1. Going through 21, 27 one at a time, which residue ends up being open to solvent by 70 Å² or more (accessible area, probe 1.4 Å), assigned to a loop (DSSP other than H, G, I, E, B) and not aliphatic (A, V, I, L, M)?
2. Go through 82, 108, 68 for me and flag whichever is out of contact with any Pro (no Cβ under 9 Å at 6 or more places or on another chain), free of Cβ contacts under 8 Å to residues at least 60 places away in the same chain and on the phi < 0 side of the Ramachandran plot.
3. Can you pull out the residues in segment 36-72 that are part of a loop (DSSP other than H, G, I, E, B), open to solvent by 50 Å² or more (accessible area, probe 1.4 Å) and not β-branched (Val, Ile, Thr)?
4. Filter segment 1-17 down to the residues that are within 18 Å of the chain's Cα centre (by Cα) and within 18 Å of residue 70 (Cα to Cα), then identify the one that is most open to solvent (accessible area, probe 1.4 Å).
5. Counting only residues that are hydrophobic (A, V, I, L, M, F, W, C), crowded, with 19+ Cβ neighbours inside 10 Å, touching an Asp or Glu at 6+ places or on another chain (Cβ under 9 Å) and assigned to a strand (DSSP E or B), how many does segment 83-117 have?
6. Please enumerate the residues belonging to segment 73-82 that are of a type outside the set (Gly, Ala, Ser) and either open to solvent by less than 50 Å² (accessible area, probe 1.4 Å) or under 14 Å from the mean Cα position of the chain (by Cα) (or both).
7. Between a residue in segment 18-29 that is free of Cβ contacts under 8 Å to residues at least 12 places away in the same chain and within 14 Å of residue 67 (Cβ to Cβ) and any residue that is in a loop (DSSP other than H, G, I, E, B) and open to solvent by 60 Å² or more (accessible area, probe 1.4 Å), which pairs come within a Cβ distance under 9 Å, given they are 6 or more apart or on different chains?
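The values are calculated or read from the model by the stated rules, or taken from the named source; none is laboratory data. Quick caveat: nothing in here was measured; it's all calculated off a predicted structure. With ideal geometry, Cβ positions are generated from the backbone for all residues, glycine too; neighbour counts draw on all protein chains shown. Remember, those area values only see protein heavy atoms, side chains included, never the ligands or the DNA or RNA. Shrake-Rupley method; radii C 1.70, N 1.55, O 1.52, S 1.80 Å.
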Amino acid sequence: MGAVSVCQILITPLKRIQVLGGDVLHGIKRSDPGYVDFGEAYFSIVEVGAIKAWKRHRRMTLNFIVPVGTVFFAFIDDEGMVREEIIGENNYVRLTIPPSIWFGFKGVGKKNIVLNIASIPHNPDEVERLSLVDLDYVWS
C-alpha cells in the first residue's frame, strides 16, 4: 500500500431529521461510502478550548461524527500535508479517516461530543501517540 494522504479523508453529509420532541441524526450504514467494518463505537467529550492530539492508527479506519457542539479537526499525513475540518451541529457530516494519518481535535462549542465509529476494536499496539508539540502545527 502506498502513502496515505489527507486528500483521502472522506466527508459524507448526514441527514438530520426534525421530529417533534427531538431530532433523529443519521450516523453510518453498512452500504455507505467509507464504511470498512465495525469494531466499536465510543464517545469523546471535548471541553471548549481543549485540544486532544496527536494520534494515528496503523490499521483502524475512523468515522468521526459530532452530534453535539462544534469541533475543529486537524490532520497531517507523512508528507506534512495538513487538512482542517470543522464539523458539528451546523455542519453535520461524517469524516472518514483512513489509517496512517495523524489527527487531533479541539472543542469549539460550549459542549462538544465526538462519536468515533471505528473499524476495529481499540488495540493499544496499533496506535501511535505524540505530544501536542511534536508536530509542526499551530492550533489557533
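1. Answer to the selection: 21.
2. Working: 82 fails: free of Cβ contacts under 8 Å to residues at least 60 places away in the same chain; 108 fails: free of Cβ contacts under 8 Å to residues at least 60 places away in the same chain.
Only one candidate passes the filter, namely 68.
3. 37, 38, 47, 58, 59
4. Checking each candidate, the answer is 15.
5. Quick first cut of segment 83-117, residues hydrophobic (A, V, I, L, M, F, W, C) only: 86-87, 93, 95, 97, 101-103, 105, 108, 113-115, 117.
Checking the rest, the ones that are also crowded, with 19+ Cβ neighbours inside 10 Å come to 87, 95, 97, 101-103, 105, 114, 117.
Pick out the ones that are also touching an Asp or Glu at 6+ places or on another chain (Cβ under 9 Å) and you get 95, 101-102, 117.
Still in the running and assigned to a strand (DSSP E or B): 95, 102, 117.
Here the count works out to 3.
6. Within segment 73-82, 73, 75, 76, 77 meet the criteria.
7. Short answer, once both residue conditions are applied: 24/15; 24/18.
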